[in-house]
Amino acid sequence: QVQLVESGGALVQAGGSLKLSCAASGRTFSSYSMGWFRQGPGKEREFVSAIRWSGGITYYADSVKGRFTISRDNAKNTVYLQMNSLKPEETAVYYCAAALRRSSTYGPDYNHWGQGTQVTVSS
């Protein structure tokens, strides 16, 4: 079983930056692909980014390419999402998720989810 705890959400002005962290419990973190998803007010959950369990391959939604960077530190059981040039429409709860040895941009493929961290981007 993997438990995920996100942190780093905050209120930030448009154009600003934030770095989200997701700490995972368990000794098999390196076997999990990790993803970030978000759900804005009145919107469906959407894929943001993912990183393969080996860390060598990353995936991004078109809307965040060039601005967001996902990374992981398997020694610390942590995955990060660096977000730059944030936009007001990116206000959302950001969720971390884990999928056992499966790289995917599809939410239902992820087995474990965190509680989320709120990111608010003011205009």
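Contact map, the stretch 94-123: first residue in contact (Cβ under 8 Å) with a residue 40 or more places away in the chain and closer than 15 Å to GLY40 by Cα, second residue in a strand (DSSP E or B) and open to solvent by 70 Å² or more (accessible area, probe 1.4 Å), Cβ cut-off under 7 Å, separation 6 or more or different chains; pairs are TYR95/TRP113; THR120/LEU11; SER122/LEU11; SER122/GLN13. If the condition is being under 14 Å from the mean Cα position of the chain (by Cα), over 13 Å from ILE51 (Cα atoms) and either outside any loop (DSSP other than H, G, I, E, B) or not polar (S, T, N, Q) (or both), then the stretch 83-103 contributes MET83, GLU90, ALA92, VAL93, TYR94, TYR95. Regarding the stretch 46-54, can at least one residue be identified that is in a loop (DSSP other than H, G, I, E, B), in contact with a Lys or Arg (Cβ under 8 Å, 6 or more places away or on another chain), in contact (Cβ under 8 Å) with a residue 12 or more places away in the chain and surrounded by 14 or more Cβ atoms within 10 Å (Cβ to Cβ)? Yes, some residue in the stretch 46-54 is in a loop (DSSP other than H, G, I, E, B), in contact with a Lys or Arg (Cβ under 8 Å, 6 or more places away or on another chain), in contact (Cβ under 8 Å) with a residue 12 or more places away in the chain and surrounded by 14 or more Cβ atoms within 10 Å (Cβ to Cβ). Taken over the stretch 1-13, the residue count meeting the criterion of being in a loop (DSSP other than H, G, I, E, B) and either open to solvent by 50 Å² or more (accessible area, probe 1.4 Å) or out of contact with any Ser or Thr (no Cβ under 6 Å at 6 or more places or on another chain) (or both) is 4.
Residue-level analysis places SER63 outside the set of residues that are at pLDDT 95 or above, surrounded by fewer than 20 Cβ atoms within 10 Å (Cβ to Cβ) and outside any loop (DSSP other than H, G, I, E, B). Does the stretch 15-44 hold any residues that are part of a loop (DSSP other than H, G, I, E, B), at pLDDT 95 or above and surrounded by 14 or more Cβ atoms within 10 Å (Cβ to Cβ), and which are they? Within the stretch 15-44, GLY16, GLY40 meet the criteria.
The values are calculated or read from the model by the stated rules, or taken from the named source; none is laboratory data. Computed from a prediction, not measured in an experiment: that's the story for all the values here. Neighbour counts are summed over all protein chains in view; Cβ atoms, including those assigned to glycine, are modelled from backbone coordinates with ideal geometry. For the accessible areas, the whole protein counts, side chains as well, though only heavy atoms, and no ligand, DNA or RNA atoms are used. Shrake-Rupley method; radii C 1.70, N 1.55, O 1.52, S 1.80 Å.
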